[in-house]
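The values are calculated or read from the model by the stated rules, or taken from the named source; none is laboratory data. Please read all numbers here as calculations on a predicted model, not as lab measurements. Backbone-built Cβ (ideal geometry, glycine too); neighbour counts: all protein chains shown.
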Amino acid sequence: MVGRQDGLPVIGLRRLGISRRLVPFLAAGAFAVAGIVSGWEGAALWKVHTDGVDSWSIEVHHAAVEVADILVQALHDMDDDLTHDLVPATKEVLTAHADPDALLVHYGRAIERHRQIAFIAAFTAQGDLVATTDPTLRRLRATARGRDFLKFFADGGQGRHVTGALLTGPAIAPDAPVFLLLTRRIDRSDGALAGIVVAAMAPDFLLQTMIDPSLYLDKDVRLFLDNGKLLGVHRDDADRIGETFGTHPLFQGASTGSQWGVLSNPFEDGPEIAALERTDGLPFLVSVFTENGPNLVGWWHRPVFLLAYAAVSFAACLVFLIKGLWGHHEGGAGPVR
């Protein structure tokens with residue numbers, strides 16, 4: 001038997017022993033069960049992914065702090081050697097006209113002590129190359145003229161100067177490598193600038209050799225100058241080294257300290273789970289991000305669908321429940337026969 005009661009299809013209700021007045025209540029119950037199940041799954045999925053975002057945010061933050069500490073220590077060790085050994089030895093050559101070949105012996109020993117040093121070079125106050133352990137610099141007749149570290153000391157700067165820059169010679173090739181340059185000034189007896197000594201570290205050495213490989217499980221590292229210039233990457237986006245992203249929103253809050261969580265991706269339009277850490281006393285920013293980020297950041301589609309379905313189910317449950325109660329009330333108010 002097929003009929004309609006109050007606009008609802010009724011299929012064999014008498015055969016099933018079900019009163020037509022119970023149909024709205026049964027429908028309300030079915031929608032209530034659907035709403036509870038989908039709501040429970042949506043809420044559980046929401047919590048799982050929220051916990052995942054929080055967990056990865058903390059993990060990439062700890063990794064960024066670790067990389068920043070390793071970088072600071074590596075450059076600190078280089079600076080100690082510059083201050084206590086290489087500056088005095090270089091001063092003998094620049095001011096007392098000592099043998100440059102003997103200076104190279106000092107430089108070679110320093111590189112043996114500190115594997116992170118890629119090369120050491122000395123320049124006069126005018127930027128002319130005096131000595132270097134890098135044959136490429138000699139072949140290209142490298143000069144420090146126009147480099148920011150020479151200008152820093154020529155303008156009266158003291159102490160050390162640290163930057164990430166190209167140092168290949170008079171002409172900078174587009175594919176020239178970027179180095180982390182640690183520079184100390186050489187003074188004459190009267191305090192005037194006699195020259196500078198530069199120790200360089202390749203970012204690749206830091207990222208590939210000095211950091212525990214287990215740190216890179218499901219993560220990647222980027223190294224920026226504090227103006228947003230990309231100095232090095234562990235694995236991806238090597239073709240973008242040398243680009244500056246200083247206007248990107250990610251770097252607008254970099255001066256305030258650490259950032260971690262769901263951050264804006266400087267290479268793509270969209271968010272990622274990452275951390276941005278400023279190195280202590282150095283003009284570098286370390287960024288660590290998780291490769292699981294896209295899955296976690298885009299997690300909300302499914303739970304939102306489930307929660308929306310739960311809301312619709314509860315609304316339908318309420319409609320049928322009201323309809324059943326209203327119909328039952330009207331049926332009960334009729335004349336008794």
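General remarks:
- Pairs linking a residue in segment 136-147 that is exposed (fewer than 14 other Cβ atoms within 10 Å of the Cβ) to a residue that is modelled with pLDDT of 80 or more, with Cβ atoms under 6 Å and 6 or more positions apart or on different chains, are 145/127.
- Flag for residue 232 being among the small types (Gly, Ala, Ser), part of a loop (DSSP other than H, G, I, E, B) and either closer than 23 Å to residue 75 by Cβ or out of contact with any strand residue (DSSP E or B) (no Cβ under 8 Å at 6 or more places or on another chain) (or both): no
- Unmet criterion (only one of (1) loosely packed, with under 14 Cβ neighbours inside 10 Å; (2) in contact with a Pro (Cβ under 7 Å, 6 or more places away or on another chain)) for residue 190: (2)
- Being at pLDDT 80 or above, of a type outside the set (S, T, N, Q), surrounded by 17 or more Cβ atoms within 10 Å (Cβ to Cβ) and part of a helix (DSSP H, G or I) is not true of residue 282.
- Single match in 90, 136, 95 (criterion: over 21 Å from residue 186 (Cα atoms) and either in contact with an Asp or Glu (Cβ under 6 Å, 6 or more places away or on another chain) or part of a helix (DSSP H, G or I) (or both)): 136
- Residue match in segment 235-244 (condition: farther than 19 Å from residue 59 by Cα, part of a strand (DSSP E or B) and either of a type in the set (Val, Ile, Thr) or modelled with pLDDT of 80 or more (or both)): yes
- For segment 129-165, taking the residues that are in contact with a helix residue (DSSP H, G or I) (Cβ under 9 Å, 6 or more places away or on another chain) and among the aliphatic types (A, V, I, L, M), the one that is modelled with the lowest pLDDT is identified as 165.
- Residue match in segment 73-84 (condition: more than 39 Å from the chain's Cα centre (by Cα) and of a type in the set (A, V, I, L, M, F, W, C)): no
- Complete set of residues in segment 208-228 that are surrounded by fewer than 22 Cβ atoms within 10 Å (Cβ to Cβ) and either acidic (Asp, Glu) or under 30 Å from residue 127 (Cβ atoms) (or both): 212, 218, 220, 225, 226, 227, 228
- Test: residue in segment 107-116 that is in contact (Cβ under 8 Å) with a residue 60 or more places away in the chain, part of a helix (DSSP H, G or I), of a type in the set (Gly, Ala, Ser) and in the same structural domain as residue 141 (by TED's automatic domain parsing): yes
- Within segment 285-320, being within 19 Å of the chain's Cα centre (by Cα), buried (at least 20 other Cβ atoms within 10 Å of the Cβ) and modelled with pLDDT of 65 or more holds for 285, 286, 287, 288, 289, 290.
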